[in-house]
Amino acid sequence: MQIGFIGLGNMGSGMAASLIAAGHDVAAYNRSTGRVDALVAKGARRADTVADACRGADVVFTMLADDDAVHHVTMGDVDVAGGIVDALAPGAVHVSCSTISIALSEQLAHAHADAGQLFVAAPVFGRPEAAAAAKLFVVAAGAPASIEIVAPLLDAIGQRTFVVSDRPEAANVVKLSGNFLIANVIEALGEAMALVGKAGVGKHEYLEILTSTLFDAPVYRTYGGLIADQKFTPAGFAAPLGLKDIRLVLEASEALQAPLPIAGLLRDRFLTLIANGGADLDWSAIATLSDRDAGAGSDDSA
């Protein structure tokens, strides 16, 4: 297929490379051209504008940081000139892999329908290393005919695709709920490690106990390892993005009238980390706040 790929950050670069490796013709666009250069070296075509990435494309992927970026690239503004809606051919598909709000997902679905285009929400679970290895988990939602068109492409970037609804915004709710749960795990690990640390148990020793017994799951191994190693740079997922996702979770909570009391606490944890100089750290660095609150150092004593 002929594919446009817009957004070559930590996640998008790996995803676009996987599509090239699967034999697809990829036109890549990113505001910072260095990311495009790296992908061109792998076989991509350079797109100088959003419209260039959409020209002749059967499918256009976006993997961008937030609602504003996705809205601007899709609807067009002074920075990108014409957006995807203006440039994409009727019948072509926009696949949004970004973590965005319910409201924006609904808006994009309507805008594309009005233009005779198709829209699929396909946010992903996994960190940059999973994107580079085509091992993401994809949560997709959209009209069945649209899903059928893009299914081989989703298979190329991930190890499994979960189709959850014919309404695109449902996939975004699932993604937000998942990130909410990950943030819960990070906070709980930080608190528990601070507790046992004050009793003289090292973080690595404690993590080995957890992941060898009740909590043998990737989320505990991945984030527990980052916390135990104090490896918060370079950020695989920066703290401001964590704050953004928790804010979107709270918006969804209000819109759907489903209270999430813990989400308010997590919002404050991210705000505290960022306010104290942690904006460039991985979002797992909120775990360091528990050591601080306990009056303990963050070094592993084991």
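Laboratory data are not the source of any read-out in this text; all were calculated from the coordinates shown. These numbers come from a predicted model, not from an experiment. Here Cβ is always computed from backbone atoms with ideal geometry, including for glycine, and neighbour counts include all displayed protein chains.
Each of Phe270, Phe232, Phe5 was scored by other Cβ atoms within 10 Å of its Cβ. Listed from fewest to most, they are Phe232, Phe270, Phe5. Under 16 Å of direct C-alpha separation, and excluding same-chain neighbours fewer than eight residues apart, Lys175 reaches these lysines: Lys244. Taking Cα atoms only, the orientation of helix 168-198 departs from the longest principal axis of the chain by about 20 degrees. Ignoring lysines fewer than eight residues from Lys203 along the same chain, the ones with Cα atoms less than 22 angstrom from its Cα are Lys231. Seen against the Cα atoms of the chain and their longest principal axis, helix 12-21 is set at about 60 degrees.
Charged neighbours of Lys244, selected by a Cβ distance under 11 Å, balance to -3 (K, R count +1; D, E count -1).
How far is the Cα center of the range 200-234 from the Cα center of the range 91-133, in Å? Measuring centre to centre over Cα atoms gives 33 Å. Rg/Rh, computed from the Cα trace of the range 1-158 with Rh as the Kirkwood radius, has the value 0.92. Under 5 Å between amide hydrogens, built in the peptide plane, is the criterion, and for Leu281 it picks out Ala239 among residues at least 5 positions away or on other chains. Distance between the modelled labels on Asp268 and Asp216, one decimal in nanometres: 3.8 nm (7 Å Cα→Cβ projection). Working ranking of peptides 194-203, 157-166, 173-182 by packing, defined as the average number of other Cβ atoms within 10 Å per residue, highest first, is 173-182, 157-166, 194-203. Quick one: work out the % antiparallel among DSSP beta bridges in the chain, nearest 5. The answer is about 15 percent antiparallel.
Helical runs (DSSP H, four residues minimum) scored at -39500 (n - 2.57) apiece and divided by the length of the chain put the mean residue ellipticity at 222 nm at -16000 deg cm²/dmol. For the pair Ala255 and Leu181, label points projected 7 Å from Cα toward Cβ lie 2.1 nm apart. Summing Lys and Arg as +1 and Asp and Glu as -1 over all other residues whose Cβ lies under 10 Å from the Cβ of Ala16 gives a net charge of +2. Beta-bridge orientation, the range 2-166: approximately 15 percent antiparallel, per DSSP, counting only bridges with both partners inside. Close amide-amide hydrogen proximity is noted between Val26 and Ile3, Arg45, each under 5 Å apart and 5 or more residues distant or on a separate chain (H modeled in the peptide plane; Pro and chain starts excluded). Spin-label pair Asp293-His110: with each label point 7 Å from Cα along the Cα-Cβ axis, the two points sit 4.0 nm from one another. Convert each backbone phi in the range 279-295 into a coupling constant with the Karplus relation 6.51 cos²θ - 1.76 cosθ + 1.60 (shift: θ = phi - 60°), then list the ³J(HN,Hα) values in order as whole Hz, x for Gly and Pro. Coupling constants for the range 279-295: 5, 8, 8, 4, 5, 5, 5, 4, 5, 5, 5, 5, 4, 4, 5, 8, x Hz.
Note that the range 240-256 has calculated 3J(HN,Hα) couplings of x, 6, x, 4, 4, 5, 5, 4, 5, 4, 5, 5, 5, 4, 5, 5, 9 Hz, one per residue in order, obtained from phi through the Karplus relation 6.51 cos²θ - 1.76 cosθ + 1.60 (θ = phi - 60°); glycine and proline are x. Distances between placed amide hydrogens fall under 5 Å for Val60 paired with Gly4, Val93, His94, Val95, all partners being 5 or more residues away or on another chain.
Given the peptides 236-246, 94-104, arrange them by the average over their residues of other C-beta atoms within 10 Å, most packed first. Walk me through the numbers before you get to the answer.
Numbers: 236-246: 21.6, 94-104: 25.1.
Ranked by mean Cβ neighbours within 10 Å, highest first: 94-104, 236-246.
Using Cα positions and a limit of under 20 Å, work out the aspartates and glutamates in reach of Lys42, with same-chain residues fewer than 8 apart set aside. Within reach: Asp25, Asp52, Glu129, Asp155.
When the chain is treated as a Gaussian network with alpha carbon springs shorter than 10 Å, the biggest mean-square fluctuation among Ala192, Ala92, Ala145 belongs to Ala145.
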